[in-house]
Amino acid sequence: MMIFQKNLMKSRRFALSCAVAGALLAPVSAMAATLTVMQTEAPRSMDPGDQTATFTAAVLDPMYEGLLARASDLSLKPALATEWSSDDAGLVWTFKLREGVTFHDGTPFNADAVVKNFARHLDTKRGLAASGRLRTFIDGVSAVDDKTVQFKLKKPYPAFLALLSTGPCLMVSPTADAAGTIGSKAVGTGPYKLAEYKSGEYVLEDKNPNYWGGAPKGADEIKWTWTSEPSVMNMALQTGDADIVNPLPPAFAAQVDANPEMKLNKSDGSAVFWVSLNTKLKPLDDVRVRQALNYATDREGLVRAIMQGYATPANSPLAPVTPGYDKSLAPYSYDIEKAKQLLAEAGYPDGFEMSTIVQEPEARIGELLQAMWAKAGVKLDVRRMESGVWSKAAFADPAGKQADNIGSVIASWSSGVNGADLQFRPLYHSASSSPAGANLGFFNDPKLDALVDKAASTLDEQARNAIYVDAQKEVNEQAPHVLLYTTQDLYAARANVKGAWLVPGGLVIAKEATKE
């Protein structure tokens, strides 16, 4: 009996060893896998139509879809629409909708849902952050039948199809929107659905078992976290606490590139960093003062100090990857004496005091500008703000900014691959003055407005780009921004992560990423 018990124990130990070995040898893809993505800021809303931030768009991308989508080669492909056509004038567009699609809350996706999605943006009372770009050219959206919708445009808009793949055109559940919960609880049609949103900590997304496209290809879960500390991002990647970090702090790029357990991904970006000047406040209402600040800015120095060379000094409001960009422009050299001369001509021979507001990731920019501009006699007060507080202050109206004495805002903007209109119109058109848009300095230039409007409805690409060259020259001359640099896109992943990719401008696409 005792011999039997010993043999039984040996058998159990052998079976346990085999089970452990089997588990170790089993492919990771057969086990529950969580893909963790760490970015530099928290999401601003769970409603894709009420935010304009690249890193928020990345979080929302797995959960929402538009009528069209971007493929990994950046071409447009069908999504919730299967086919489309337009009249000869390019003013009436008809879309056939995909069958058998439901929102995560069970609401059917149909023509009525599309009409309601665009009606909320055309309603000026809603005040959604991304609506302005749609109201400019969409006259109305109507249902032809349950699976057909028709758009009527006010004028031809060459970037129309591209725009349909972006934030304000992503479809939210009309039921959730009507309930007023969409801002905190995402409800879309995408391959992932919201599992948990713990404000200030993380967003967790699970695979959507009812996805119209079949079983989602990516990890079982996607967990989104964030930090403004570059060293924390680097450590999370090194330890495996994060599978993807975006953007990778440039200071760690060489270290990551040399590590075989990680992969550095770099490409030409479209995010332009700038200082938006409050043209409603003195002395920034004087173009000579705005030009002086541009001359007092050492862009090459900023690129070296902040981006370790992974950026291009800005010579234009457009990024080099944007169609219409003019590389020959060279409006502002680093010239402190010229800056002092312009300030003296404007009546400020001894300089002046002004403020700027920054989020933590851009605080270093503010510190360096503070030192640079001091050489011209400009005393810059750099105010650091948490993301939500900053967003409210940055998008305040003229009275709000005057009350808080906000002279400028440091930020960036990327139109991705969606064309120059989505760079010019939100940032510089008078109709986009905050809070309606991202013209944070309330710049009002009828000449520029006319150029932007003319280009937007010019179908011939060569003629359109020629207009955009004139628009770039006008922005450079009037200097509503101190243009800083255009970044290269840098993100890093653990070597076992496959299938992630980046839209120019820093939008990481993680919904098909896997861990091997």
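The values are calculated or read from the model by the stated rules, or taken from the named source; none is laboratory data. Every value quoted in this text rests on a predicted model; they were computed, and no experiment measured them. When we count neighbours, we look across all protein chains shown, and the Cβ atoms used for this are built from the backbone with ideal geometry, even at glycine.
Taking segment 388-402 on its own, how many of its residues are among the small types (Gly, Ala, Ser), surrounded by fewer than 20 Cβ atoms within 10 Å (Cβ to Cβ) and in contact (Cβ under 8 Å) with a residue 12 or more places away in the chain?
3
Pick from 377, 324: which is of a type in the set (Gly, Ala, Ser), within 24 Å of the chain's Cα centre (by Cα) and buried (at least 18 other Cβ atoms within 10 Å of the Cβ)?
Among 377, 324, only 324 is of a type in the set (Gly, Ala, Ser), within 24 Å of the chain's Cα centre (by Cα) and buried (at least 18 other Cβ atoms within 10 Å of the Cβ).
Please go through segment 435-486 and give me each residue that is of a type in the set (Ser, Thr, Tyr) and either assigned to a loop (DSSP other than H, G, I, E, B) or in contact with a Phe, Trp or Tyr (Cβ under 7 Å, 6 or more places away or on another chain) (or both), ordered by number.
Looking only at segment 435-486, we keep the residues that are of a type in the set (Ser, Thr, Tyr), and these are 457-458, 468, 485-486.
Those that are of a type in the set (Ser, Thr, Tyr) and either assigned to a loop (DSSP other than H, G, I, E, B) or in contact with a Phe, Trp or Tyr (Cβ under 7 Å, 6 or more places away or on another chain) (or both): 457, 458, 485.
What residue, of 278, 246, is closer than 30 Å to residue 189 by Cα, crowded, with 16+ Cβ neighbours inside 10 Å, under 25 Å from the mean Cα position of the chain (by Cα) and not basic (Lys, Arg)?
Within the list 278, 246, the selection yields 246.
Against the condition surrounded by fewer than 19 Cβ atoms within 10 Å (Cβ to Cβ) and modelled with pLDDT under 95, how does residue 360 come out, does it pass?
Details: surrounded by fewer than 19 Cβ atoms within 10 Å (Cβ to Cβ): yes; modelled with pLDDT under 95: yes.
Considered against the rule, which asks whether it is surrounded by fewer than 19 Cβ atoms within 10 Å (Cβ to Cβ) and modelled with pLDDT under 95, residue 360 comes out as yes.
Just the residues that are in contact (Cβ under 8 Å) with a residue 12 or more places away in the chain and of a type in the set (Asp, Glu), please, taken from segment 314-369.
Residues satisfying the conditions are 326, 335, 345, 350, 353, 360, 362, 367.
Which condition from (1) touching a strand residue (DSSP E or B) at 6+ places or on another chain (Cβ under 9 Å); (2) surrounded by fewer than 17 Cβ atoms within 10 Å (Cβ to Cβ); (3) more than 21 Å from residue 57 (Cα to Cα) is the one that residue 149 breaks?
Result: residue 149 passes all but (2).
Could you count how many residues in segment 408-431 are among the hydroxyl-bearing types (Ser, Thr, Tyr), at pLDDT 95 or above and either crowded, with 23+ Cβ neighbours inside 10 Å or not assigned by TED's automatic domain parsing to the domain that holds residue 477 (or both)?
Residues in segment 408-431 being among the hydroxyl-bearing types (Ser, Thr, Tyr), at pLDDT 95 or above and either crowded, with 23+ Cβ neighbours inside 10 Å or not assigned by TED's automatic domain parsing to the domain that holds residue 477 (or both): 2 in total.
Identify, from the list 138, 182, the residue that is touching a residue at least 60 places away in the same chain (Cβ under 8 Å) and under 27 Å from the mean Cα position of the chain (by Cα).
Of 138, 182, the one residue that is touching a residue at least 60 places away in the same chain (Cβ under 8 Å) and under 27 Å from the mean Cα position of the chain (by Cα) is 182.
All but one of (1) modelled with pLDDT under 95; (2) over 26 Å from residue 516 (Cβ atoms); (3) surrounded by fewer than 16 Cβ atoms within 10 Å (Cβ to Cβ) hold for residue 142, so report the exception by its number.
Single failed check for residue 142: (1).
Just wondering, is there one or more residues in segment 236-244 that are in a loop (DSSP other than H, G, I, E, B), in contact with a helix residue (DSSP H, G or I) (Cβ under 6 Å, 6 or more places away or on another chain) and among the aliphatic types (A, V, I, L, M)?
yes
Among the numbered conditions (1) surrounded by 21 or more Cβ atoms within 10 Å (Cβ to Cβ); (2) out of contact with any Ser or Thr (no Cβ under 6 Å at 6 or more places or on another chain); (3) part of a strand (DSSP E or B), tell me where residue 291 comes up short.
Every condition holds for residue 291 apart from (3).
Among (1) among the polar types (S, T, N, Q); (2) surrounded by fewer than 17 Cβ atoms within 10 Å (Cβ to Cβ); (3) in contact with a Pro (Cβ under 8 Å, 6 or more places away or on another chain), there is one condition residue 405 misses while meeting the rest; what is its number?
Residue 405 satisfies every listed condition except (3).
Could you look through segment 476-502, keep only residues that are surrounded by 24 or more Cβ atoms within 10 Å (Cβ to Cβ) and among the β-branched types (Val, Ile, Thr), and pick out the one that is nearest to residue 281 (Cα to Cα)?
482
Conditions first: (1) under 18 Å from residue 42 (Cα atoms); (2) under 22 Å from the mean Cα position of the chain (by Cα); (3) modelled with pLDDT of 95 or more. Residue 187 passes all but one, so which condition is the exception?
With (1) under 18 Å from residue 42 (Cα atoms); (2) under 22 Å from the mean Cα position of the chain (by Cα); (3) modelled with pLDDT of 95 or more applied to residue 187, the lone miss is (1).
Which residue out of 111, 69, 79, 57 is farther than 24 Å from residue 204 by Cα, touching a Leu at 6+ places or on another chain (Cβ under 8 Å) and modelled with pLDDT of 95 or more?
111
Quick one: would you say residue 74 is crowded, with 21+ Cβ neighbours inside 10 Å and either within 27 Å of residue 416 (Cα to Cα) or without any contact (Cβ under 8 Å) to a residue 24 or more places away in the chain (or both)?
In short, no.
Quick check on this structure: which one of 269, 301 is touching a residue at least 60 places away in the same chain (Cβ under 8 Å), surrounded by fewer than 22 Cβ atoms within 10 Å (Cβ to Cβ) and not in a loop (DSSP other than H, G, I, E, B)? Before the answer, list the steps.
Values: 269 fails: surrounded by fewer than 22 Cβ atoms within 10 Å (Cβ to Cβ).
Testing whether each residue is touching a residue at least 60 places away in the same chain (Cβ under 8 Å), surrounded by fewer than 22 Cβ atoms within 10 Å (Cβ to Cβ) and not in a loop (DSSP other than H, G, I, E, B) leaves just 301.
Condition test on residue 383, is it basic (Lys, Arg), more than 30 Å from residue 335 (Cα to Cα) and more than 17 Å from the chain's Cα centre (by Cα)?
Here the answer is no, as residue 383 does not meet what is asked.
Tell me, which strands (runs of 3 or more DSSP E) lie completely within segment 25-122 with 2 or more residues that are outside the structural domain of residue 418 (by TED's automatic domain parsing) and closer than 20 Å to residue 165 by Cβ?
68-70, 76-78, 81-86, 92-97
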